[in-house]
Amino acid sequence: MHRAIRVLGRDDPRTLSYAHNYGAALVVGGRTGEGVAILEDTLTRRTRRLGERDEETLTTAQTLGATLFAAGAVGRGIDLLRRAHDASAALGPHHPLHQDIAENLRIALRNSGRW
């Protein structure tokens with residue numbers, strides 16, 4: 001990832017994709033704190049560069065929201081999933097990403113007793 005930053009720049013869409021994947025891999029590998037920090041930074045950069053309704057931005061928002069929820073930051077996770085769900089509505093109700101975010105939000109709400 002450091003090479004991508006050096007060659008492409010921190011806000012290049014390819015660098016942001018690398019960062020998202022790296023952050024998610026850290027979470028899966030048990031390094032949740034590090035992964036969350038990278039995903040938060042990536043979400044900020046993607047939102048600024050691509051907009052909040054961009055599919056790549058929404059993918060990072062969904063990943064981060066689900067990760068926060070699973071890590072015990074229930075309120076933050078649900079809030080982020082709600083915002084991602086609202087923003088993804090622009091994609092249309094049958095868009096796969098909108099449906100995935102809706103399902104993650106439903107699961108989080110049900111598992112938190114807020115459904």
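All of the numbers you see were taken from the coordinates with simple rules; none came from a lab. Quantities reported herein were computed from a predicted structural model and do not represent experimental measurements. As a convention, Cβ positions derive from the backbone with ideal geometry for all residues, glycine included, and neighbour counts pool all protein chains shown.
Here are the numbers for this structure:
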| read-out | value |
| --- | --- |
| Among residues of the range 10-69, those that are over 27 Å from ASN111 (Cα atoms), in contact with a Leu (Cβ under 9 Å, 6 or more places away or on another chain) and free of Cβ contacts under 8 Å to residues at least 12 places away in the same chain, counted | 1 |
| Checking TYR22 against (1) part of a helix (DSSP H, G or I); (2) under 22 Å from HIS98 (Cβ atoms), the condition it does not meet | (2) |
| Top-ranked residue of the range 72-86 - restricted to ones that are in contact with a helix residue (DSSP H, G or I) (Cβ under 6 Å, 6 or more places away or on another chain) and among the hydrophobic types (A, V, I, L, M, F, W, C), ranked as surrounded by the most Cβ atoms within 10 Å (Cβ to Cβ) | ALA84 |
| LEU91 surrounded by 14 or more Cβ atoms within 10 Å (Cβ to Cβ), touching a Gly at 6+ places or on another chain (Cβ under 8 Å), touching a residue at least 24 places away in the same chain (Cβ under 8 Å) and not hydroxyl-bearing (Ser, Thr, Tyr) | no |
